[in-house]
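Reading through the structure tokens given below for one structure.
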Amino acid sequence: MFLGILATRWFSRQPIVISAPARSVARYDVRTPLLLDDTARADLARETKQALAYAAIAVALAGARDREERRYDLFGDAMRAAVDRLAELAGFRYLGVDPHSLEPLFAEGSGPRRPFDALPTRARHLVAFAALSVRVLWAAYPEQDPRDSEGLIAIDDVELYQDNHALGRLGAALREALPAAQWILTTASPVLAASAEAGEVIALRRVSQGDTVAVFAGDEALIH
């Protein structure tokens with residue numbers, strides 16, 4: 001399984017639209033290319049909302065019936081746990097889906113409920129990281145827990161809109177949310193790099209005044 005989240009990501013304000021799951025959220029095609037210049041796919045609002053709503057709806061409809069091929073219960077549990085873990089970095093918790101509007105709901109401390117569109121930008125990015133990753137892992141391996149499924153998830157410029165407090169905890173939160181996945185994060189943040197182990201960081205630096213770019217690994221990658 002491979003998922004790429006582009007640096008040009010943004011979130012429009014639009015109501016949720018539910019379409020045939022077999023052709024949308026429950027579908028994974030290994031032949032689907034990652035188009036780095038496709039700005040239309042940079043709007044992650046609808047896809048994120050669909051993933052959250054479908055997880056809740058699928059669990060409710062499946063009930064306690066035995067599912068040999070698709071484990072909706074594991075999908076729902078993984079979705080709630082991963083989204084809650086990432087939203088926590090921005091000070092929010094995931095409450096589930098509003099039964100009236102199907103909009104995902106969140107809360108900050110003891111404050112009022114907020115729909116996804118009302119979240120701060122940093123929180124929407126974090127929720128999307130979790131929801132989209134769980135959705136693709138489950139679509140690729142529907143018979144098992146997404147938290148036990150292997151995959152490669154690449155996020156470009158992961159530090160966008162995040163404060164240093166969240167960046168220092170982001171790597172650990174991603175690993176806790178989906179421990180079997182491999183995360184590749186590109187960043188210019190020294191805070192995020194310093195929060196990782198030396199063997200987990202590769203730095204690209206321009207040497208001298210020329211156009212040569214050198215690769216540094218290990219302890220040298222953490223020297224800024």
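The values are calculated or read from the model by the stated rules, or taken from the named source; none is laboratory data. Because the structure is predicted, anything quoted here is derived from the model rather than measured. FYI the Cβ positions are ideal-geometry reconstructions off the backbone, even for glycines, and counts take in every protein chain you see.
Here are the numbers for this structure:
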quantity	calculated
Criterion violated by Thr187 - all others in (1) modelled with pLDDT of 90 or more; (2) part of a loop (DSSP other than H, G, I, E, B); (3) surrounded by fewer than 18 Cβ atoms within 10 Å (Cβ to Cβ) satisfied	(3)
Matching residues in region 148-181 - criterion: being of a type in the set (S, T, N, Q) and closer than 13 Å to Leu126 by Cβ	Gln162
Where a residue in region 12-24 is within 22 Å of Asp117 (Cα to Cα) and at pLDDT 80 or above and its partner, wherever it lies, is charged (D, E, K, R) and not in a loop (DSSP other than H, G, I, E, B), with Cβ under 7 Å and at least six apart	Ser12/Asp43; Arg13/Asp117; Gln14/Arg46; Ile16/Lys49; Val17/Arg46
All positions within region 119-171 that are over 16 Å from Ala81 (Cα atoms), hydrophobic (A, V, I, L, M, F, W, C) and part of a helix (DSSP H, G or I)	Ala139, Ala140, Ala166, Leu167
Matching option when the condition is outside any helix (DSSP H, G or I), modelled with pLDDT of 95 or more, surrounded by fewer than 20 Cβ atoms within 10 Å (Cβ to Cβ) and of a type in the set (Lys, Arg), among Arg70, Arg114, Arg65	Arg114
Hits in region 191-201 - residues which are within 22 Å of the chain's Cα centre (by Cα) and among the aliphatic types (A, V, I, L, M)	Val191, Leu192, Ala193, Ala194, Ala196, Val201
Qualifying positions in region 146-168 - among the charged types (D, E, K, R) and buried (at least 17 other Cβ atoms within 10 Å of the Cβ)	Arg147, Glu159
Which listed residue, of Ala55, Ala40, is of a type in the set (A, V, I, L, M) and at pLDDT 80 or above	Ala55
Filter result for the condition that a residue is farther than 16 Å from Val25 by Cα, more than 17 Å from the chain's Cα centre (by Cα) and in contact (Cβ under 8 Å) with a residue 40 or more places away in the chain, over Ser110, Ser101, Ser149	Ser101
Members of region 190-220 that are over 29 Å from Met1 (Cβ atoms) and not in a helix (DSSP H, G or I)	Arg205, Arg206, Val207, Ser208, Gln209, Gly210, Asp211, Thr212, Val213, Ala214, Phe216
Check on Ala87, assigned to a helix (DSSP H, G or I), small (Gly, Ala, Ser), surrounded by 16 or more Cβ atoms within 10 Å (Cβ to Cβ) and out of contact with any strand residue (DSSP E or B) (no Cβ under 6 Å at 6 or more places or on another chain)	no
Neighbours by Cβ (under 9 Å, 6+ apart or cross-chain): first from region 199-223, aliphatic (A, V, I, L, M); second assigned to a strand (DSSP E or B) and loosely packed, with under 10 Cβ neighbours inside 10 Å	Leu204/Val213; Val207/Val213
Given (1) in contact with a Ser or Thr (Cβ under 8 Å, 6 or more places away or on another chain); (2) crowded, with 16+ Cβ neighbours inside 10 Å, number of the condition Ala180 does not satisfy	(2)
